[in-house]
Amino acid sequence: MNLPPLKLAGMGLGLLILAQIWASFFVFDARPQAQRQEQESFFAELPAGEIAGTLMLGGFRGMAIDFLWLRAIQAKNDARYYESVALFDLISRVQPRFERVWEYMAWDMAYNIGHYVDQKDDKWSWYLAGLKANLRGVQVNPSSERLLRHLAWMFFHKGETYMERIESVTWQPIIEAAVKTYQSEIAMPMGKQLSSFQLAEYFYRLSVLVADREESRQPVFVRRMVALAIDRDANRVRNRGQHFLALQRYVEALQAWQDIIAWSQNPSGYHRGQLDIRLTDESYQRNEGGLRRKMSNLGKLLAKESKTGEAFAQAAMKRDIKTCHALMAQSDLWNEHIETATIQWLDE
Amino acid sequence: MTHWWRATWAMASLSICEIGRQKTWIVLLAVIAVMLVALASLQAVDASAQLKLSVVTISGSINFISTLFAILLVAATITRDREQLVSLTLFPKPLPMSAYVCGRWLGVQIAIAIGVLILNTLGTLVVHLTADHAIPEMRTVHKPVDWQRVDIFGETSPLDTKRVTLTGTKKGGAIRWDLAKLPTNQGDLVLLLKGRLRAIDPAHYQSHIAVSARPSESAQQTLLVCSDESPYGSFRPDGKPVESGATMKDKGDNHVDLNQDYMRFRLAQELISPEGTCIITVTRNDINSSLSFKKFDSCLIALSGGGFFTNMQRGGCVVLAQVGYLTAIALLCACFSNIGVTLLAGLTAFFGALTLSYIQDMTGSGKLPNFLVRFLELMQFIIPDFNRYGVEGTLAGGQAVGWPIVMDAWFYYGTFSLSFLLIAWFVMLRREL
């Protein structure tokens, strides 16, 4: 094409104008559907300074990240925890969507640094700092089942060490910013005196919900952790003498196990085929049977009349949760506390 | 020789002038501003950690900026000489090529040294102004000359290992350290002790030890008590203060913070002989845990190590030694390639030096193909270890950076620098300019 330059420039300009018109009228309407929801929420959760810092580094972002990681790991190996924490915090600002950073930071603070400090107050401070770092990661990455799972694990595994302190904290203001996306689907646990197992149960449920929604490759055992968390919580309240409350929690645990076996019969989401189904069934056989026996025995002890206790025990053994609920709803049939109802050994 | 030095100094001065004209001081000002903002926004769990973080931030910033400047400045000067034919005006003069190479290197080093001095001064000033409590005293450590094992019957036996473990079902095993050349005119000294502790039962993660000192073999032992200023060890597990010795906790080899990881004992002047010798004995009193000590790291005498600013400057000298290596390697690359390649080579050398320990782990892991292992082994000959001295952690931990460390650093990194400067000289001699 041998057109004079002026004509070429005119053609180019005309094409630009046409493209702009097309973008303004036809593409604009389709943009909300094309744009991924998580990207929108991701930028919304970051402060303006962090976005600018992340973008302005440009091609040097990778180099800066490598340098920060090297420094952070070296600082951790040299036991300079004040530095490693600050560096991981900086890395989380440069790589906010890299889940491992948040997970590592939370674990490092709660487990490693918390182990090395001497005072109990300091240990609790570091554990709480780890939880908050994990929550911040959840807030910035709302579609990450991994971070939710890790948070739940921190409550389940380490929370018992700090049970009294956890129960003394009002958790709603701390966790609501991170979980507001899911409030419509699973309500945040309210009230005071929330135990670590209650919080673990909540976050495990959220993790399963997010994994199912995002079709993430979540390990199948996470579903079982919901039931196990409820079971552990029930044991806890039982050992504190709140036997009737413990019975109610055992029923919730039984319901959770029924949900799990229902899933294994009609599995959805990610799983490794028959291996995961078989492992789920085996875990169900090991845990659910013992739970039903616990419920039956406790029900018989707590019932004011033996026929109520027998009815409850039968319903428990037959997995008739509706009947269990119906019987427990009549509170005048039950004792709140019985001397002999405390667990005497670790595994009943 | 005088002519050579004059030519080298002339090139160095020229380099400094060129660097000044490039307005790199603007970048330095920007760095200072960023550093001050970063220092003001640091958050740590307590004032002590905040102070350490400030020290590490200053040292780390200086380290990083010096590295980038070293590569950039030398790349800019050499490539400009070649590409803009400035060399045509330089080399007709009686300028030895070696003086040209050394002069360029020296000029960049001096420019960076000025920047390091300014950053150190400002950083120290900020730390002084923002510290909630006094700047920790910088200490130098005096290490023992020998050690021996003492069994439960009191018999001593020499040790030729660097680590020893006290274990067994009977109390009374001990380790004895011999100290020499201690100062005899500085009054009471501070004894620092730490070790590793292993127990099966978590309830026994603390162990009582008896600590004694005497000036010589024939003198009587004096029991020492853990000082109140010690970060740990002065209380029993039940919360009551120890009456003698200390309650030891597990402190690993990577716990080297003098202010935080070592138990402190007051070593009275009477326990040091006029010749400056002292014998420290640590006895295991708890059979439920095993104790492990190192020869040169577990028992130290803390001596005054100078002021904070002085030590920061000495730390800066160690950084300059590291930077000298990068300057030399960038200078070599600039002799035969363009600025982009030089930058990449310099950055590669920098990251390689930072990760040398990981490279060594990888070559020893057995997971890499043979050719890669051989290549990495060869690379280790030309890449020094930038984590060898750990100046930032040392300063943050309250330990002084002595002149022997500075000299050792210059010798170590200087060997690499000299090698690359020699190669650069050879390359320049062969080039047609």
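Laid out as a table, the results:
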{"quantity": "Segment B:234-252 versus segment B:274-341: alpha-carbon centroid distance in Å", "calculated": "29"}
{"quantity": "Between segment A:90-110 and segment B:141-195, the Cα center-to-center distance that results, in Å", "calculated": "43"}
{"quantity": "The protein assembly as shown shape via C-alpha gyration tensor axes, a/c threshold 1.5", "calculated": "oblate"}
{"quantity": "Per-residue HN-Hα couplings for segment A:298-308 [Karplus 6.51, -1.76, 1.60; θ = phi - 60°; Hz; x = Gly/Pro]", "calculated": "5, x, 5, 6, 7, 5, 6, 10, 5, 5, 5"}
{"quantity": "Footprinting exposure proxy for A:94, B:190 (fewest neighbouring C-beta atoms within 10 Å first)", "calculated": "A:94, B:190"}
{"quantity": "Mean ellipticity per residue at 222 nm, deg cm²/dmol - from DSSP H runs of n ≥ 4 across the protein assembly as shown, formula -39500 (n - 2.57)", "calculated": "-19000 deg cm²/dmol"}
{"quantity": "Acute angle (nearest 10 degrees) that the helix A:81-94 long axis makes with the longest principal axis of chain A, alpha-carbon atoms", "calculated": "60"}
{"quantity": "Exercise: per-residue mean of other protein chain Cβ atoms within 10 Å, A:81-90", "calculated": "5"}
{"quantity": "Amide H contacts under 5 Å for residue B:234, placed H, 5+ residues apart", "calculated": "B:247"}
{"quantity": "Residue order, fewest to most surrounding Cβ atoms within 10 angstrom, among B:407, B:11", "calculated": "B:407, B:11"}
{"quantity": "Cβ-placed point charges (K, R +1; D, E -1), dipole of segment A:224-348 about Cα centre in debye, nearest 20", "calculated": "100"}
{"quantity": "Most to least packed among B:315-325, A:162-172, A:230-240 [average Cβ atoms within 10 Å]", "calculated": "B:315-325, A:230-240, A:162-172"}
{"quantity": "Mean projected area (nm²) of the alpha-carbon convex hull when segment B:94-148 is viewed from all directions", "calculated": "8.6"}
{"quantity": "Reachable lysines, given that their alpha-carbon falls under 22 Å from the alpha-carbon of residue A:318 and they are not under 8 places away in the same chain", "calculated": "A:294, A:300, A:304, A:307"}
{"quantity": "Average partner coverage of B:46-57, which counts Cβ from other chains inside 10 Å", "calculated": "3"}
{"quantity": "Shielding score for A:67-76, defined as the mean number of other chain Cβ atoms within 10 Å", "calculated": "4"}
{"quantity": "Phi to ³J(HN,Hα) by Karplus 6.51 cos²θ - 1.76 cosθ + 1.60 over segment B:177-186, Hz, x for Gly, Pro", "calculated": "10, 9, 10, 9, 6, 7, x, 10, 10, 10"}
{"quantity": "Inter-label distance for residue A:245 and residue B:304, nm, one decimal - labels placed 7 Å from Cα along Cα-to-Cβ", "calculated": "6.2"}
{"quantity": "The protein assembly as shown - charge dipole about Cα centre, Lys and Arg +1 at Cβ, Asp and Glu -1, debye rounded to 20", "calculated": "1200"}
{"quantity": "Which listed pairs, of B:162/B:249; A:76/B:249; B:171/B:240; B:181/B:240, have C-alpha distances above 26 Å, in listed order", "calculated": "B:181/B:240"}
{"quantity": "HN-Hα J in Hz across segment A:101-117 - Karplus 6.51, -1.76, 1.60, θ = phi - 60°, x for Gly and Pro", "calculated": "4, 5, 5, 5, 4, 5, 5, 4, 5, 6, 9, 6, 5, x, 6, 7, 6"}
{"quantity": "Angle in degrees between helix B:2-21 and the longest Cα principal axis of chain B, rounded to the nearest 10", "calculated": "90"}
{"quantity": "For segment B:367-415 versus segment A:260-318, the gap between their alpha-carbon centres in whole angstrom", "calculated": "60"}
{"quantity": "Relative contact order, percent, segment A:224-348 [alpha-carbon distance under 8 Å, six or more residues apart]", "calculated": "31"}
{"quantity": "Fewest-first ranking of A:294, B:194, using other Cβ atoms within 10 Å as the exposure measure", "calculated": "A:294, B:194"}
{"quantity": "Rg and Dmax of chain B, Cα atoms only, in Å", "calculated": "26.3, 83"}
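Bear in mind these aren't lab numbers, they're just calculated from the coordinates by the rules spelled out. No experiment lies behind these values; they were computed from the predicted model shown. Cβ sites come from the backbone with ideal geometry, for glycine too, and all protein chains shown count toward neighbours.
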